[in-house]
Amino acid sequence: MATLKVQAHENNFGACVEGIDLSQPISAELAETLHQVWYQYQVIYFPNQPLTPEQLERFTAAIGPFGTEPYLKTLPNYEHIVEIRREPDEPVAPFGASWHSDWSFRDAPPSATILYSQIVPPVGGDTHYADGIRAFETLDPVLAAELEEMQAVHSARRSYSLEGYKRSGGEQRSVAVEPNDNAMQTKVHPVVRTHPKSGRKVLWINPVYTLSIEGLSQSDSDAMLKKLYGHALDSQFIYAHRWAANMLTMWDNRSVQHCAQGGYDGHRRVMLRTTVAGDVPF
């Protein structure tokens, strides 16, 4: 069995994992070890991993059942892989350039998102991650208790409805999107969810998909969300991830928000993405 070398980042949020060849099949025992490392550090990455799309899908399947993509087209011949491409001359912000948890508007959002770097620009193009566990654990206890009783409304309308897609500049991006007005639907989830594996509480809202907090007026909801985002996205909770070619990064979508960074106009960036099916937040 591979001997993993794990180098943790500050506050044990994010870790580099070496000593494994992801191009080879992953045993059930090794997969369980990777799960434990992932639960502990939330964002883990594997440098120097030249992978084919087939190998990326095989690794994903070793982590768990594939998630589904409600609005993104997958690659021909690879029904579980989405290409996140940005060409040098795209005039709008990169895809995913606002803080979000993937597909939080679904009944059971993905447990994991896996992103693999094929082409990395020489500058910019980082991904920032925010730790929702520490964000919750550092809240004022009175506010934290109040939030545990609250529910939030999530929707894809800002990004994937026909109007939202146009307004956000989606037509000018290379990422293959299939917008439709199913995105106008809403889903209610707890403001504070419990991680199903660690049992820790997570502040689980995000600026892209969270529309409001139930039971509050829109103005009070907006004010509360603004306050919570100001806390959750404070620099003390953020890990800035620098990519290199042939790097695979996997994060826990149940406890982590992420945000793609720009700064590489004039350069191409190509990533491959898969997701792992998740569970209903509670």
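Bear in mind these aren't lab numbers, they're just calculated from the coordinates by the rules spelled out. On a predicted model such as this, the values are computed, not experimentally measured, just so you know. Positions of Cβ are backbone-derived with ideal geometry, glycine not excepted, and every protein chain shown enters the neighbour counts.
Evaluated with a Cβ-only charge set (Lys, Arg +1; Asp, Glu -1), region 5-276 carries a dipole of roughly 180 debye about its Cα centre, given to the nearest 20. When restricted to Cα atoms, the chain yields an Rg and a Dmax of 18.2, 56 Å, respectively.
Name the shape class, rounded, prolate or oblate, that the alpha-carbon gyration tensor gives for region 132-211, where a ≥ b ≥ c are the square roots of its eigenvalues, rounded holds for a/c under 1.5, and otherwise prolate holds if a/b is larger than b/c and oblate otherwise. Prolate, since a/c reaches 1.5 and a/b exceeds b/c.
Bridgeable lysines around Lys73 (alpha carbons under 21 Å apart, same-chain partners fewer than 8 residues away excluded): Lys166.
Note on the chain: helix-only mean residue ellipticity at 222 nm, from DSSP H runs of 4+ residues weighted -39500 (n - 2.57) and normalised by residue number, equals -6500 deg cm²/dmol.
For Gln151, which sequence-distant residues (separation of 5 or more, or a different chain) have an amide H within less than 5 Å of its own amide H, given hydrogens modelled in the peptide plane? Hits under the 5 Å cutoff: Val191, Glu214. In region 5-276, taking the dipole from charged Cβ atoms about the Cα centre, the farthest positive-side position among Pro121, Met224, Ile63 is held by Pro121. If you take the Cα centroid of region 1-40 and the Cα centroid of region 93-169, the two points sit 24 Å apart.
Between the alpha-carbon centres of region 258-282 and region 175-250 there is a gap of 14 Å.
Listed peptides 86-99, 25-38, 239-252 appear in the order 239-252, 86-99, 25-38 once ranked by packing, highest mean of other Cβ atoms within 10 Å at the front. Each Cα pair under 8 Å and six or more residues apart adds its sequence gap; the mean of these over the residue count of the chain is a relative contact order of 35 percent.
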